[in-house]
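Notes follow once the structure below has been shown.
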Amino acid sequence: MVTTVNPKGQVTIPEPLRDRYGFPPGTKVVWLERDGDLIPKPLLSIEQLRGRFKGSDLTALLLEERARDREQEDA
C-alpha cells in the first residue's frame, strides 16, 4: 500500500492496516527508527489496555518462569 505525506507532514494509515494493527481513532503513535526503517507503533492508553489479557494465564506463566530462574540460581 502506498500513501503520501501531505504538506503538514501527515500520513494516513490505510484502514486495513489500522484495523489489523490496532490504530483506532485518537491513538497516539510512537515512531521507532530501526536499521534505517521508520516503524509506527500504537501508544495505547491504560483504558485501551484494560482487559486486553483477560482469560490468559500470564500470572501462572510468570510464576513458572520465576521458579525456573530460582532453580538455575540454586544450581
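Restricting attention to the range 1-23, which residues are among the aliphatic types (A, V, I, L, M) and closer than 23 Å to Ser45 by Cβ?
Just the residues of the range 1-23 that are among the aliphatic types (A, V, I, L, M), to begin with: 1-2, 5, 11, 13, 17.
Scanning the range 1-23 gives Val11, Ile13, Leu17.
For Val11, are the conditions met, namely being surrounded by 10 or more Cβ atoms within 10 Å (Cβ to Cβ), of a type outside the set (Lys, Arg) and under 13 Å from the mean Cα position of the chain (by Cα)? Walk me through how you get there before you give the answer.
Values: surrounded by 10 or more Cβ atoms within 10 Å (Cβ to Cβ): yes; of a type outside the set (Lys, Arg): yes; under 13 Å from the mean Cα position of the chain (by Cα): no.
The answer is no for Val11.
Would you call Pro40 assigned to a loop (DSSP other than H, G, I, E, B), out of contact with any Cys (no Cβ under 8 Å at 6 or more places or on another chain) and free of Cβ contacts under 8 Å to residues at least 60 places away in the same chain?
Values: assigned to a loop (DSSP other than H, G, I, E, B): no; out of contact with any Cys (no Cβ under 8 Å at 6 or more places or on another chain): yes; free of Cβ contacts under 8 Å to residues at least 60 places away in the same chain: yes.
It is false that Pro40 is assigned to a loop (DSSP other than H, G, I, E, B), out of contact with any Cys (no Cβ under 8 Å at 6 or more places or on another chain) and free of Cβ contacts under 8 Å to residues at least 60 places away in the same chain.
Filter the range 52-74 down to the residues that are surrounded by 10 or more Cβ atoms within 10 Å (Cβ to Cβ), hydrophobic (A, V, I, L, M, F, W, C) and within 23 Å of the chain's Cα centre (by Cα) and list them by number.
Listed by number, the residues that qualify are Phe53, Leu61, Leu62.
For Thr3, indicate whether it is surrounded by 10 or more Cβ atoms within 10 Å (Cβ to Cβ), modelled with pLDDT under 90 and either in contact with a Pro (Cβ under 9 Å, 6 or more places away or on another chain) or of a type in the set (Asp, Glu) (or both). Steps first, please.
Working: surrounded by 10 or more Cβ atoms within 10 Å (Cβ to Cβ): yes; modelled with pLDDT under 90: no; either in contact with a Pro (Cβ under 9 Å, 6 or more places away or on another chain) or of a type in the set (Asp, Glu) (or both): yes.
For Thr3, the condition - surrounded by 10 or more Cβ atoms within 10 Å (Cβ to Cβ), modelled with pLDDT under 90 and either in contact with a Pro (Cβ under 9 Å, 6 or more places away or on another chain) or of a type in the set (Asp, Glu) (or both) - is not met.
Yes/no matrix, rows are residues, columns are (1) part of a helix (DSSP H, G or I); (2) in contact with a Ser or Thr (Cβ under 9 Å, 6 or more places away or on another chain):
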| site | (1), (2) |
| --- | --- |
| Asn6 | no, yes |
| Leu17 | yes, no |
| Gly51 | no, no |
| Arg66 | yes, no |
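Would you tally the residues in the range 18-27 being surrounded by 10 or more Cβ atoms within 10 Å (Cβ to Cβ) and basic (Lys, Arg)?
Just the residues of the range 18-27 that are surrounded by 10 or more Cβ atoms within 10 Å (Cβ to Cβ), to begin with: 18-19, 21-24, 27.
Then keep just the ones that are basic (Lys, Arg); that gives 18.
Qualifying residue count, the range 18-27: 1.
The values are calculated or read from the model by the stated rules, or taken from the named source; none is laboratory data. As the structure is a prediction and not an experimental result, all values here were calculated from the model. No Cβ is skipped: glycine too gets one built from the backbone with ideal geometry, and neighbour counts run over all protein chains shown.
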